[in-house]
2 protein chains.
Amino acid sequence: MRQQRMLIPTLRDVPGDAEAASHRLMLRAGLVRQLSSGIYSYLPLGLKALQHIQTIVREELDAAGAQEMLMPALHPSELWKASGRWDIYGPELMRLEDRHGREFALGATHEEVITTIVKDEIQSYKKLPVTLYQIQTKYRDERRPRFGLLRGREFLMKDAYSFDRTATGLDESYQSMYNAYERIFTRCGLNFRAVEADSGAIGGTDTHEFMALADIGEDTIVHCPSCQYAANLEKAVGLLPPSPSSASKQPKLDGRPKKVHTPKVTSIKQLSEFLPISPKQIIKSIAIEANGAPVIVLLRGDCEVNEIKLKNVLGASEFIMLSETDIQKLGSIAGFIGPIGLQNVKIIADSSVMGLQDAVVGANEADYHLVHVDVERDLADLAYHDLRNVTEGECCMSCGHQLSFAKGIEVGHVFKLGTKYSQSLGALFSDENGASEPIIMGCYGIGVSRVLAAILEQNYDERGIIWPASIAPFAVHLLTVHVQDEVQMKLSDEIYKSLSRAGLTVLWDDREERPGVKFNDADLLGFPLRITVGKKAGENIVECKERRSGQQYELTVQQILTHCQTFFQTGGRSSHE
Amino acid sequence: MRQQRMLIPTLRDVPGDAEAASHRLMLRAGLVRQLSSGIYSYLPLGLKALQHIQTIVREELDAAGAQEMLMPALHPSELWKASGRWDIYGPELMRLEDRHGREFALGATHEEVITTIVKDEIQSYKKLPVTLYQIQTKYRDERRPRFGLLRGREFLMKDAYSFDRTATGLDESYQSMYNAYERIFTRCGLNFRAVEADSGAIGGTDTHEFMALADIGEDTIVHCPSCQYAANLEKAVGLLPPSPSSASKQPKLDGRPKKVHTPKVTSIKQLSEFLPISPKQIIKSIAIEANGAPVIVLLRGDCEVNEIKLKNVLGASEFIMLSETDIQKLGSIAGFIGPIGLQNVKIIADSSVMGLQDAVVGANEADYHLVHVDVERDLADLAYHDLRNVTEGECCMSCGHQLSFAKGIEVGHVFKLGTKYSQSLGALFSDENGASEPIIMGCYGIGVSRVLAAILEQNYDERGIIWPASIAPFAVHLLTVHVQDEVQMKLSDEIYKSLSRAGLTVLWDDREERPGVKFNDADLLGFPLRITVGKKAGENIVECKERRSGQQYELTVQQILTHCQTFFQTGGRSSHE
């Protein structure tokens, strides 16, 4: 392609409102333009990169035996009402009426549609298992679209759905998609981790998220540098190092908690400073209401409650904090709640509380706490669960190594759905004996446009993008320094044709611009190899620059083709000595 | 691909409500399924065919120098208001509000969006010309969606837009797209004609429609079998053969019209029978109001008025029929209007009236007509225009040959937009002298999903689809008669691998079904070649059947690959003796 007339509107300045690196790079390199909040047009270079991702996705899913299809974005409301999601999806689901007043949703996901199709078309076990996928535009009306393509309202997604007869079959379908995802993200050049995730209170068992590591990521990943363990913060578990032995400065009494006056001291921080004592010696008591009953939740003072784990343990889809009045009804008082002496209320504890000695708890009395609490002695019958977010310093449950934390962008998600949709929408199959069973489903998503953003988050420097060879809009940027120079143009034309004939994609910068502008644009656009035809054109010598390594060297015209081919055959890594 | 687990739900029965052949075939062969009126899912086979069309479109547009991009379907209402189309597009434009109450349209077309992008990114003549295209989902809330993919509400379209500095530049961009369209539809295997179309009263000059010939088509095409002339009925012009000389049975008078009593005779048909006289001797007078003034339109009695031509001649976007009261105000009476003696009213005539002798007109008096009218003598100052639909029997204006009529499906459209959108949306460029000018635009559409339907309308027989090789979901249907027979399965497996390795796409029917079912399905699915592995498998002999020609012959295993390759290299036409 010749650059002169291509729509590649590079920008010198970083747009002020673009927070994420990928967003800034996409705007500066002319890959996308915003049409409305969270809604983007892909300009030619951006679309090429997006198509390369799609090709990788297709190749790997096809190889895994999945079948591509294409479903509409307009979904009749009846389907979403049948699954129950019309009401619970909330304002993120965009809705409209047609000219006859019939309600439609703009598909945010396609479980309802695919399950309806499979229900109509597959009745026998003989047709199972099957995995179907599509690459299609999705709509979610995010309250706060941001970070460019990372959180948009109209975006490109690959969604796949597996249909099995048995749980074992689902396991196999799931693993097959999991493996395909690893190959896809590897081929996309992403630094990623597959992490365990929470499957939610309703339906589903296993679920993994594929996280591209990046500081801009909105998800926290906990992983072990020594073994394979990785999970998102919602799901991650760890082992707390043992608490330091008693650090209380209060005098010890003879095996009984002692009530101490702690006027207006209601927070862990205040208490820790007042006594003084490490927060690790304080037992936090959180009073909530779940499933209509009060519950006291105990955690070590330096730990945070993990709401998802708590909901799962309680078997509750929601919980609320107890009001001051309700706390009083329990015989306690807000700010001074403690587990000792409270009756008629369920108490559950995070494992961080286990075995604490010489600890501090609220005294259920205004301005008083109990110190010298020994959990084994004074709280003998506690039910322990994992209720906290893993904290820095905890150790891997598998290998004992200290866990690491990282930020990640969720680029993919594999999920065992079970029979939630097949039951609500009536997708049944008859087995070998003629008995009717709901089909067992899995669903598998990849945020195709988000992958593009994640790739950029991981591949740039201060000069611009550094494309992985597999995704780069063009393999080679051919740059003619002076387009008025006939020798340079003639040589450039030869190189352009030779590389193109060999199947390499070449963008030829034939613009009448100052060389500095062209070099800067080339670095910003960031294709793997730049070939510059300049003043040595008469000697048939050009300059080659590798964008990633920054290596720069001369090549004779005779060397160019072989050099480029070797470079890309080895995955776009430097092969130059 | 092995057919056992592929989602190809063939149907034995024709669904009752499917009127169009393509719609019936798509449902029966499991290519698509309806989700809602005018909204379809593409199942795996349908999507493959659709993707083949997309590939052809991309290759030809890229070769023509157009650049692919991708725009969103959600359009902020402001853009459509700026172009003025928010109000005039009517209920076909689907609209919705986001969670903040902001209005959006679901893109029915993308002039507003592309013009805005170009306005923001292209300011200088140096960046022009440029042609941009996308293949993207469009939404139009048709009042009466029908014929399956022929008239849907959510459909796949290729839309392209050219941007030029000069009218000559536009001519070149237009011709380049026109030529690409001819290549595209030819490669898709369509029998089509490019026809002149009307560009409408507002904006635009040239426009052509690409029509796939098919009886189900909703458009009438007029074309000359002898020269290149072709136009749609709205636009077509022709030469009427001269009227027969006076056929009136009324006695002739001495060079003056004669008033005759024609009680309650108000239609051409009644008049023709009453007098009796050929309708070709009657001059029809139609009283309308356009631009706020009455107009009498004259046509020969056997001709129909062409509303588009009439509007264009009058420079009016609409016209209405005159009421009886308004006709009386002109000094006439409904049913007996005629051009002679009417004053203070504009009279225009279709060229069919020119030179008529011994003709009949209304007398502007209840129950009376005038006969023996000589147009040259009695209506000397008539303004003549082309105001009629061309009728069977008219001749080509270019070569004189009698014109033919056909029905067509509009699969493509090229249109010179001019500056309508660049002016309303402010897309200006500065020329060499720094002067600011609106960019001159063209737009070019292909109904990608409609092309799929049109291909089927032209390629089937009573047994099912007959795919053109370029579009067929698979090239070869490999059919194993008895899958329990190890010899047959082993040979099938070898053939499957050998053809696949050579890059041929093969669907292997490995289902445990009765042979009759499999043969019927193969004919219904209609891939170009069927290779049947049956009872001669032990002798390494298979049967090959060409779907289009119906030819059937045996091949040895050694011959298969070469035979298939030769068959497809010659475009899927029979090469077998």
Checklist entry - At a Förster distance of 22 Å, what's the computed FRET efficiency of A:Thr391 paired with A:Glu218, Cβ-Cβ distance as r, to 0.05? => result 0.70
Item to check | Residue among A:Leu240, A:Ala472, A:Gly445 farthest towards the positive dipole end of chain A, charges placed on Cβ | outcome: A:Ala472
Item to check | A:Ser398/A:Glu273 FRET efficiency (R0 30 Å; Cβ-Cβ; nearest 0.05) | outcome: 0.20
Checklist entry - According to a simple spin-label model (label point 7 Å from Cα along Cα-to-Cβ), what is the distance in nm between B:Asn433 and B:Asp120? => result 3.2
Checklist outcome for this item: So, over other residues within a Cβ distance under 12 Å of A:Gly341, counting Lys, Arg +1 and Asp, Glu -1, the net charge is -1
Item to check | Value of Rg/Rh across region A:352-496 [Cα atoms, Kirkwood radius] | outcome: 1.28
Checklist entry - Per-residue mean of other chain beta-carbon atoms within 10 angstrom of the beta-carbon, peptide A:94-102? => result 5
Checklist entry - If you put a point 7 Å past Cα along the Cβ direction, how far is that point for A:Asn344 from the same point in each other copy, in nm, smallest first? => result 9.8
Next on the checklist: Can you tell me which lysines have their Cα less than 26 Å from the Cα of B:Lys138? Leave out same-chain residues fewer than eight positions away.
Outcome noted: A:Lys48, A:Lys81, A:Lys138, A:Lys158, B:Lys48, B:Lys81, B:Lys119, B:Lys158, B:Lys407, B:Lys416, B:Lys420
Next on the checklist: So the label point sits 7 Å from Cα along the Cα-to-Cβ vector; using that for A:Thr391, what distances do you get to the other copies, in nanometres, sorted shortest first?
Outcome noted: 9.5
Next on the checklist: Can you tally the lysine pairs in region B:258-385 where the Cα-Cα distance is under 20 Å and the two residues are eight or more apart, or on different chains?
Outcome noted: 15
Next on the checklist: Bins of 20 Å, beginning at zero and ending with the bin holding the largest distance: percent of Cα pairs per bin for the protein assembly as shown, please.
Outcome noted: 10, 30, 32, 19, 7, 2, 0, 0
Checklist outcome for this item: Rounded to the nearest 100 Å², the accessible area hidden between A and B, summed over both chains at a 1.4 Å probe radius, is 5000
Checklist outcome for this item: Row for region A:37-158, column shape: gyration tensor on C-alpha, a ≥ b ≥ c, rounded if a/c < 1.5 i.e. under 1.5, prolate if a/b over b/c, else oblate; value oblate
Checklist outcome for this item: To the nearest 0.05, the calculated FRET efficiency linking A:Glu182 and A:Leu561 through their beta-carbon distance, R0 being 35 Å, is 0.55
Checklist entry - A:Lys518: which lysines have alpha carbons under 17 Å from its alpha carbon, excluding same-chain residues fewer than 8 sequence positions away? => result A:Lys535, A:Lys545, B:Lys126, B:Lys127
Checklist entry - Quick one: which of B:493-503, B:39-49, B:383-393 comes out on top by average Cβ neighbours within 10 Å, and what's the full order, highest first? => result B:39-49, B:383-393, B:493-503
Next on the checklist: How big is the dipole moment of the protein assembly as shown about its Cα centre under a simple scheme where the beta carbon of each Lys and Arg is +1, that of each Asp and Glu is -1, and everything else is neutral? Debye, nearest 20, please.
Outcome noted: 200
Checklist entry - Ordered by packing density, taken as the mean number of other Cβ atoms within 10 Å over each peptide's residues, highest first, how do B:290-296, B:60-66 rank? => result B:60-66, B:290-296
Checklist outcome for this item: Here the net charge surrounding A:Arg143, from other residues whose Cβ is less than 14 Å away from its Cβ (Lys, Arg +1; Asp, Glu -1), is +2
Next on the checklist: Using the crude model of +1 on Lys and Arg Cβ and -1 on Asp and Glu Cβ, and no other charge, please compute the dipole size for region B:474-569 relative to its Cα centre, in debye to 20.
Outcome noted: 240
Checklist entry - Once you list every other residue whose beta carbon is under 13 Å from the beta carbon of A:Ser77, what net charge do they have if Lys and Arg are +1 and Asp and Glu are -1? => result -2
Item to check | Sequence-separation-based contact order of chain A, relative, with Cα cut under 8 Å and 6+ spacing, percent | outcome: 17
Next on the checklist: For the rotation taking A to B, I'd like to know which residue in chain A has the C-beta closest to the axis, plus that distance in Å.
Outcome noted: A:Leu96, 2
Next on the checklist: Need one number: % antiparallel among DSSP beta bridges in region B:258-385, to the nearest 5.
Outcome noted: 70
Next on the checklist: Give me Rg/Rg_expected for chain A, where Rg uses Cα atoms only and Rg_expected = 2.2 N^0.38 Å with N residues.
Outcome noted: 1.22
Next on the checklist: Averaged across A:42-55, how many Cβ atoms of other chains sit within 10 Å of each residue's Cβ atom?
Outcome noted: 3
Checklist entry - How large is Rg/Rh for region B:258-385, to two decimals, with Cα atoms and a Kirkwood Rh? => result 0.94
Next on the checklist: Give the list, by residue number, of cysteines in chain A with no other Cys Cβ closer than 4.7 Å, or say none.
Outcome noted: A:Cys188, A:Cys303, A:Cys395, A:Cys443, A:Cys544, A:Cys564
Checklist entry - When only C-alpha pairs under 8 Å and at least 6 residues apart count, what is the relative contact order of region B:385-444, in percent? => result 27
Checklist outcome for this item: Percent antiparallel among DSSP beta bridges confined to region A:474-569, rounded to 5, stands at 50
Checklist entry - Can you give the relative contact order of region A:32-160 as a percent, counting alpha carbon pairs under 8 Å and 6+ residues apart? => result 30
Item to check | Across the identical copies, how the A:Phe405 labels are spaced - nm, sorted shortest first, 7 Å along Cα→Cβ | outcome: 7.9
Checklist entry - Rounded to the nearest 500, what is the protein assembly as shown's calculated 222 nm mean residue ellipticity when only DSSP H runs of at least 4 contribute -39500 (n - 2.57) each, over all residues? => result -8000 deg cm²/dmol
Item to check | Separation of alpha-carbon centers, region B:1-34 and region A:535-555, rounded to whole Å | outcome: 57
Item to check | Debye intensity ratio in log₁₀ form over the Cα atoms of region B:423-577, taken at each q of 0.10, 0.21 Å⁻¹ | outcome: -0.45, -1.34
Checklist entry - Of all DSSP beta bridges located in region B:411-538, what percent are antiparallel, nearest 5? => result 55
Next on the checklist: Per residue of region B:60-69, what does 6.51 cos²θ - 1.76 cosθ + 1.60 with θ = phi - 60° give for ³J(HN,Hα)? Whole Hz please, x for Gly and Pro, Karplus curve as stated.
Outcome noted: 6, 6, 4, 4, 7, x, 7, 10, 7, 9
Checklist entry - Tell me, what ³J(HN,Hα) does each residue in region A:456-464 have, in order and in whole Hz, if you take phi through Karplus 6.51 cos²θ - 1.76 cosθ + 1.60 with θ = phi - 60° and put x for Gly and Pro? => result 5, 4, 9, 9, 7, 9, 5, 8, x
Next on the checklist: Please compute, for peptide B:126-133, the average count of beta-carbon atoms on other protein chains lying within 10 Å of each residue's beta-carbon.
Outcome noted: 3
Next on the checklist: Please list, in order along region B:547-559, the HN-Hα scalar couplings obtained from phi with the Karplus expression 6.51 cos²θ - 1.76 cosθ + 1.60 (θ = phi - 60°), rounded to whole Hz, x for Gly and Pro.
Outcome noted: 5, 6, 7, x, 5, 9, 7, 8, 9, 7, 3, 5, 7
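The values are calculated or read from the model by the stated rules, or taken from the named source; none is laboratory data. Given the structure is predicted, the values throughout are model-derived calculations rather than measurements. Cβ: placed from backbone, ideal geometry, glycine included. Neighbour counts: every protein chain shown. Just so you know, the surface numbers come from the protein's heavy atoms only, side chains and all, with ligands and any DNA or RNA stripped out. Shrake-Rupley method; radii C 1.70, N 1.55, O 1.52, S 1.80 Å.
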